[in-house]
Amino acid sequence: DYPILKPQEKGGSFTIYELGPGMGQNFLCFNQRPGTHPETGKPFVDPVKLSWFTNLTFRQAVAHAINRQSIVDGVMNGLGSFQYGPMTVSEGYFYNPNVHKYDYDPGKARALLAEAGFIDRDGDGVLEDAQRHPVELVLVTNSGNTVREKIAEMVSKDLRDIGLKVHFTLLEFNVLVSKLDVTSDWDACLMGFTGGIEPHFGKNIWDSSGQLHMWNPGQKAPAAPWEARIDEIFAAGVQELDQAKRKVLYDEWQTIVAENLPFVYTVVEDRLGGVRNKYGNLFPASYGGVLWNLEELYVK
């Protein structure tokens, strides 16, 4: 609505406040769950695809393939920011701006894939792995969220441009949640979580035993050393009363996530607030929005 409303602002009846990057994330996640379903006996993930998705170089290539500027311009009317880690600048003190960043570079993405053995061996435009399996996968997201739908569609195109055969599918939200939480019947998904100023509130995502640990949920023991380290960080961070020491811990967590890419982050939309000019004593803030001091507002 912004392109329609912004020119009308000059009429004097309302003001649109641009509050900077929002909180939360939009990310691409690959299913890395090993083992078999206890009821069906079938693998949670096709073993061939599992070998792709658990390959860090593969995920790094994907991170370099995403054209975040195109998403900000095409989906968010320029009102968005690139994201490379689990927190945004608007989430304040614990945000780490120094995590590894994956610039848009399709050439580098293709080089990384070739380094990992993904090459178009038959000239059909689709990469094959070292065993000559075509790299073909299904990317899903929930229908009804138009912003997320458009981001997923653009990410699908970016991945096709580097030689991956991607089928983009929209699912009703409850069906998607069932796939993520119950059957693990999915390849890749474009999803998002809400954010906040306290990192520990995301423990169920980041702890290896958590059910929202989407790429490999409910682990009995951490599957990788970096996951074990994140478990230690969250266990220590919730007990530490010194904010400076907590900052060191959660900075490390964000660094680990950006380097190991369980989620490939895309962009975060800016927060906007529109208020009629008849209200006074407004002091809009990134965290609180436009109505954080509601008890102090008055009608002129």
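The values are calculated or read from the model by the stated rules, or taken from the named source; none is laboratory data. Keep in mind that this is a model prediction, so the values were computed, not measured. Every residue, glycine as well, gets a Cβ built from its backbone with ideal geometry; the counts of neighbours run over all protein chains shown. All accessible areas refer to the heavy atoms of the entire protein, side chains included, with ligands and DNA or RNA removed. Shrake-Rupley method; radii C 1.70, N 1.55, O 1.52, S 1.80 Å.
Between the residues Thr255, Ala235, Leu272, the greatest Cα displacement towards the positive end of the dipole of the range 202-299, with unit charges on the Cβ of Lys, Arg, Asp and Glu, is found for Leu272.
Taking 31 Å as the limit for the C-alpha separation, the pairs Lys101/Lys247; Lys179/Lys220; Lys108/Lys247 exceed it in the case of Lys108/Lys247. Gain on full extension, evaluated as 0.36 nm per residue between Tyr104 and Asp124 minus their Cα-Cα distance, stands at 4.8 nm.
At what distance in angstrom do the alpha carbon centres of the range 165-216 and the range 1-49 lie from each other? Cα centres, the range 165-216 to the range 1-49: 11 Å. Dipole of the chain computed with +1 at Lys/Arg Cβ and -1 at Asp/Glu Cβ about the Cα centre; of Gly163, Val290, Trp226, farthest Cα towards the positive end is Val290. 3J(HN,Hα) along the range 280-294: x, 6, 7, 9, x, 9, 4, 7, x, x, 8, 10, 5, 9, 3 Hz, from the Karplus curve 6.51 cos²θ - 1.76 cosθ + 1.60 with θ = phi - 60°, whole Hz, x for Gly and Pro. Calculate what fraction, in whole %, of the accessible area of the range 8-142 sits on carbon and sulfur atoms when a 1.4 Å probe is rolled over the protein chains. Its accessible area is 50 percent carbon and sulfur atoms.
Shown in residue order for the range 140-148 are the 3J(HN,Hα) couplings computed by the Karplus curve 6.51 cos²θ - 1.76 cosθ + 1.60 at θ = phi - 60°: 10, 8, 8, 6, x, 9, 5, 5, 5 Hz (x for Gly and Pro). In terms of packing, defined here as the mean over residues of other Cβ atoms within 10 angstrom, the peptides 114-122, 57-65 line up highest first as 57-65, 114-122.
Here the range 73-159 is treated as an ellipsoid with the same Cα gyration tensor; its semi-axes, largest first and in whole Å, are 30, 19, 12.
Express the C-alpha Rg of the range 138-246 as a ratio against the empirical globular expectation 2.2 N^0.38 Å, rounded to two decimals. This ratio for the range 138-246 stands at 1.28.
Adding -39500 (n - 2.57) for every DSSP H run of four residues or longer, then dividing by how many residues the chain holds, sets the calculated 222 nm ellipticity at -9500 deg cm²/dmol.
Most simply put, the chain has about 70% antiparallel DSSP beta bridges, counting only bridges with both residues inside it.
Within the range 62-183, DSSP assigns beta bridges of which about 20% are antiparallel (rounded to the nearest 5). Tell me, what is the percent relative contact order of the chain, built from C-alpha pairs under 8 Å that lie six or more residues apart? Dividing the mean separation by the residue count of the chain yields 31 percent. Temperature 37 °C, viscosity 0.692 mPa s: under these conditions the Stokes-Einstein estimate for the range 185-300, based on its Kirkwood radius over C-alpha pairs, is 192 µm² per second. About its Cα centre, the chain has a charge dipole of approximately 440 debye under the convention of +1 per Lys or Arg Cβ and -1 per Asp or Glu Cβ, with nothing else charged. Backbone amide hydrogens, once placed in the peptide plane, bring Arg121 within less than 5 Å of Glu128, excluding anything fewer than 5 places away on its chain. How big is the Rg/Rh ratio for the range 1-159, C-alpha atoms only, Rh by Kirkwood, two decimals? Rounded to two decimals, Rg over Rh is 1.06. Taking a quarter of the surface of the Cα convex hull of the chain gives a mean projected area of 18.4 nm².
Per residue, how large is the accessible surface of the range 56-147? Use a 1.4 angstrom probe and give square angstrom. Don't jump to the answer; show the numbers that get you there.
Numbers: 4040 Å² over 92 residues.
About 44 Å² of surface per residue is accessible.
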